[in-house]
Structure formats: C-alpha cells, structure tokens
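Please read the structure below before turning to the comments.
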Amino acid sequence: METQFTILLVAFVFGGAAIYGLIRWIQTAPVQPDPWESLISESSDEAQPTLVCPRCLTPNSADRDFCETCGLPVGACTNLSPYLYLFSVGDLLRTGASGRFPIRPFTIIGYVLLPICSFAILAPFYWYRLFRNIDRLRAEQGNAPSVG
C-alpha cells in the first residue's frame, strides 16, 4: 500500500514539474509577427460592403439590420440579437402564412414545429393560415403554364 502511494506521489511531482516546464517554455517563446497584419489594415481602409436584400434585391448599407424596402432581416448579426431575432422569426412565420415558399416536406415540417416552440396556444390558428396558403400556392402552381 505504501509503495503505491510513493509511486503516485512521484508521478504527481514529475507531472507537475512537466506542466510547469511546459508553461514556462510557452511564456518565454519569442513572439512571431502577424503575417496578415498588412492585409487586414488594407481591407479595413476600404469602404463598407453593401448588402443586397435576397427578397427585393435592394442594396442596403452594412450597418442596417432590416431592408429599407421590404423589411426582411439583412444584417450580418441580426439573428443573434435576442430582440431582433423575434422580428426574424415573425418574418419567417408571415412568409409561411401568406407568402411564397418552396413546398417541400422538410419546409412544411419546420413551419408546423416552429409555432409550437414560439406560441403553442395560438399554433392551431397559424396552422390554419399555413395550410390555406399551401393550398393557394399549389393551385397557383397547377394553373401556371408549363415551360418546356
């Protein structure tokens, strides 16, 4: 029993010394210059990029969170803000209830499950609007002239 304790104590001492040596070696290592510093400074001097709204193709400045024309969330970090995220979800659900979207099983499953997470009590009212919109979109597809 005493032999195992001695072996364990020696292992902890050598392990601690190895970790301490590794930390000291990293701290004393020479600092390498940043190879991308010149590229970053050049790109930061350029003008801000323009975002294009995917719905209406209106150019928007990079500091905008929503499209000036149609209100679609276009900001790079709009969906990461808890408050602005609600507007993104609202736009998505509005598209399901009254807009155009590709009618695919995965899309419909998403439109059915999202209201349960967002507003479970009112989900049946939304589902009614969703399936009415799906029927309308399928009717439009059926009445559209075939190409080809």
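Here's the yes/no breakdown for (1) within 24 Å of Arg138 (Cα to Cα); (2) modelled with pLDDT of 90 or more:
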{"position": "Ile23", "(1), (2)": "no, yes"}
{"position": "Trp36", "(1), (2)": "no, no"}
{"position": "Ser44", "(1), (2)": "no, no"}
{"position": "Asp63", "(1), (2)": "no, no"}
{"position": "Ala97", "(1), (2)": "yes, yes"}
{"position": "Ile108", "(1), (2)": "yes, yes"}
{"position": "Tyr111", "(1), (2)": "yes, yes"}
{"position": "Ile121", "(1), (2)": "no, yes"}
{"position": "Pro124", "(1), (2)": "yes, yes"}
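Kindly indicate whether Arg129 is loosely packed, with under 13 Cβ neighbours inside 10 Å, without any contact (Cβ under 8 Å) to a residue 40 or more places away in the chain and basic (Lys, Arg). No, not satisfied. Within region 72-100, the set of residues being surrounded by 15 or more Cβ atoms within 10 Å (Cβ to Cβ) and either under 24 Å from Ile134 (Cα atoms) or of a type in the set (Ser, Thr, Tyr) (or both) comprises Leu72, Pro73, Thr78, Phe87, Ser88, Val89, Asp91, Leu92, Leu93, Thr95, Gly96, Ala97.
The values are calculated or read from the model by the stated rules, or taken from the named source; none is laboratory data. On a predicted model such as this, the values are computed, not experimentally measured, just so you know. Methodologically, a virtual Cβ is constructed for each residue, glycine included, from the backbone with ideal geometry; neighbour enumeration extends over all protein chains shown.
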